[in-house]
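Here is the structure we will look at, set down as structure tokens.
The values are calculated or read from the model by the stated rules, or taken from the named source; none is laboratory data. Quick caveat: nothing in here was measured; it's all calculated off a predicted structure. FYI the Cβ positions are ideal-geometry reconstructions off the backbone, even for glycines, and counts take in every protein chain you see. To get the accessible areas, we keep the full protein, side chains included, count just its heavy atoms, and leave off ligands, DNA and RNA. Shrake-Rupley method; radii C 1.70, N 1.55, O 1.52, S 1.80 Å.
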Amino acid sequence: MQGLTYALPLFAAAGAMVLLALSAWRHRTAHPAAPALVRVIAPVAVWLMAYGFEILAGDAATKEAWETIIILALAWLPFFWLIFAIRYTGQEGWLSYRNVALLLVIPAASTTLTLTNSLHGLVWKDILLDDSGPFLATVPIRGPWFWVHLGYSYLLLLVGMLLLLTSLTRARRQYAGQVALLVVAVVVPWTGNI
């Protein structure tokens, strides 16, 4: 099956994310941010799994369906990341109903626009197929809403990372390593994405 060697590591990583989420859920009473961590991990696991299936898909319609699932998962990841960072750093005062409602506007709009994209093309105008590599890859032609959501996503990732970096300076020695690992866990894929 074309692309299997590329899809298998994604499936393995998705499985690892599920195990990590289960572990965080089992320890949800140990730290107030544990349930928020589960909500960060869930879209990452969906993204990895969907990308693996997209790689394995052999036709444009199936690839587009998996790409839609990826976009939906990524629509919520920055929101959940920021909520996690706020809870992890003990800044729950920022989580008023009004602030959370405002933060939800872009992911909710992204979800709606993704599910109705065939009507307007605001998220992607077309999805081309590229067979020049080891598997048939999708090449989305991004629409204007994609760039709005991308800017919003990077802003939320940055704010969450700054919260963690600020807490790193105040963290007790036993937690400083955890915070540093969280920052690295965001910086590495973010840098690769840029």
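How much length is gained on full extension from residue 154 to residue 27, taking 0.36 nm per residue of separation minus their Cα-Cα distance?
42.8 nm
Could you give each residue of the range 147-157 its phi-based ³J(HN,Hα) in whole Hz, using Karplus coefficients 6.51, -1.76, 1.60 with θ = phi - 60°, and x for Gly or Pro?
Listing the rounded values in order: 6, 4, 5, 4, x, 4, 4, 5, 5, 5, 4 Hz.
What net charge do the residues around residue 37 carry, taking every other residue with its C-beta under 13 Å from that of residue 37, with Lys and Arg at +1 and Asp and Glu at -1? Let's see the in-between values first.
Numbers: positive: 26, 28, 39, 87; negative: none.
Value of the local net charge: +4.
As an exercise, use a Förster radius of 25 Å and the Cβ-Cβ distance of residue 62 and residue 18 to find the FRET efficiency, rounded to the nearest 0.05. Intermediate results must be reported in sequence, preceding the final value.
Working: r = 23 Å, r/R0 = 0.93.
Once the sixth-power term is evaluated, E becomes 0.60.
How far apart, in nanometres, would the label points at residue 116 and residue 129 be if each is projected 7 angstrom from Cα along the Cα-to-Cβ direction?
Using points 7 Å along Cα→Cβ, the separation is 3.0 nm.
Keeping all protein chains in position, work out how much accessible area residue 79 exposes to a 1.4 Å probe, and write it in Å² to the nearest 10.
Accessible area of residue 79: about 20 Å².
Could you tell me the relative contact order of the range 15-98? Use alpha-carbon pairs under 8 Å, at least six residues apart, and round to a whole percent.
30 percent
For the range 45-122, what % of the accessible area comes from carbon and sulfur atoms, probe 1.4 Å?
71 percent
Enter the accessible area per residue of the chain (Å², integer; probe 1.4 Å; all protein chains in place).
For the chain, the solvent-accessible area averages 56 Å² per residue.
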